[in-house]
Each structure stands twice: as structure tokens, then as C-alpha cells.
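Note sheet for the following structure.
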Amino acid sequence: YKGEQPVHEEFAPEIIELGTGCVLVVEDEEVMRTVAKHYLEELGYDVILARDGKEGVEIYSEKHQSIDLVFMDVVMPRMNGEEACVAMREIEPKAKILICSGFVHSASMKRLREEGVVGFIRKPFLKAELSRAIAGALCSK
């Protein structure tokens, strides 16, 4: 491949938003769970991990009062992000949920927004992108 090299973020100011609070990361891919945990802890957040939507809902039902934000994948085994979102909003109607995915169909995203999802970030993400998405989601009503 002989084309233009992609523009790297070094050329743009990397705005990192630090924060506090507890984030429940619901992600079936171990590498993505590890990366998200590492980034979020560096940004100042406490992190709880879940391997899929079912485990995420179980953890959320026990600890929702101390969880400020759910950061969740859409495509997962046992229970997908859309189903988990519905279940979490039944537990806490004001649950703040930020969706993360490599691909989301617009119809699926529309349903997720109707379920109260406060934002979306595309995989793979950089730490600066994640920091801004998390801070924006925490500030949402």
C-alpha cells in the first residue's frame, strides 16, 4: 500500500479530561477490558469490570448506587448491550450508559438512545477520546 499516512493525534492538541467516580466497564474482549481499565484508572476513575451484559447487570443490580457510569460494548455473548441497557434502566431509570462499539447500526443506536444511552464512542479509541466521552457522559442529565 502506497498512500498517504494517516494523520496522528500528535498534531492536534491532546485534550485529556481527568475525573472521579466509579465506572462499570462491560466488555467481553479481555484486551479491550484491560485497556479501558488502565486508561480509566489513569484518568482518576474507580473501575469495576464485567465480562458480558449478564454479568454487568448482576453487578449493576448489587452496586448501582455507587456506580456513576456504565461503559458498555454492544455486541457480547449471553446478553448484548441493548438488552443489558434495558435491564439496567429498569433497576435505575436514570442510569448513565456510554456505548462503545466497533460498529453500530443506526437503527440499533436509535433504540439505544431511546433507552437513555448518553453517548457513543467507536472502538478502537485513544485515551484522550475516552477521557472526553466519559466526562461528557457524566455531565449529561
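The values are calculated or read from the model by the stated rules, or taken from the named source; none is laboratory data. Please read these numbers as outputs of a predicted model, since none were measured by experiment. Positions of Cβ are backbone-derived with ideal geometry, glycine not excepted, and every protein chain shown enters the neighbour counts. Ligands, DNA and RNA are stripped out before the accessible areas are found, and what is left, the full protein with its side chains, is counted by its heavy atoms. Shrake-Rupley method; radii C 1.70, N 1.55, O 1.52, S 1.80 Å.
Starting from the Cα gyration tensor of the range 35-103, take the square roots of the eigenvalues, sort them a ≥ b ≥ c, and report rounded, prolate or oblate (rounded when a/c is under 1.5, otherwise prolate if a/b is larger than b/c, else oblate). In terms of gyration-tensor shape, oblate. Our note on the geometry: Cα centres of the range 36-54 and the range 58-119, 15 Å apart.
Note on LYS63 and LYS123: the model spin-label points, each 7 Å out from Cα along the C-beta direction, lie 2.1 nm apart.
If you compute Cα extents along the principal axes in Å for the structure shown, which of (1) 41, 38, 30; (2) 50, 32, 28; (3) 41, 40, 21 do you land on? Identified label for the calculated read-out: (2). Legend: residues PHE125, PHE103, sorted from most to least accessible area (1.4 Å probe; ligands, DNA and RNA excluded), read PHE103, PHE125.
Maximal additional length on extending the VAL31-GLU92 stretch stands at 19.1 nm, based on 0.36 nm per residue less the C-alpha distance. Straightening the chain between ALA107 and HIS38 buys 21.7 nm, computed as 0.36 nm per residue apart minus the Cα-Cα spacing.
One chain, two ends: GLU14 and ALA135. Fully extended at 0.36 nm per residue, the span grows by 42.1 nm beyond their Cα-Cα distance. Are any of the pairs LYS63/LYS127; LYS63/LYS123; LYS63/LYS110; LYS37/LYS123 more than 22 Å apart by Cα-Cα distance, and if so, which? Where the Cα-Cα span goes over 22 Å, the pairs concerned are LYS63/LYS127; LYS63/LYS123; LYS63/LYS110. Computed per residue of the chain from DSSP H runs no shorter than four, each worth -39500 (n - 2.57), the mean residue ellipticity at 222 nm is -12500 deg cm²/dmol.
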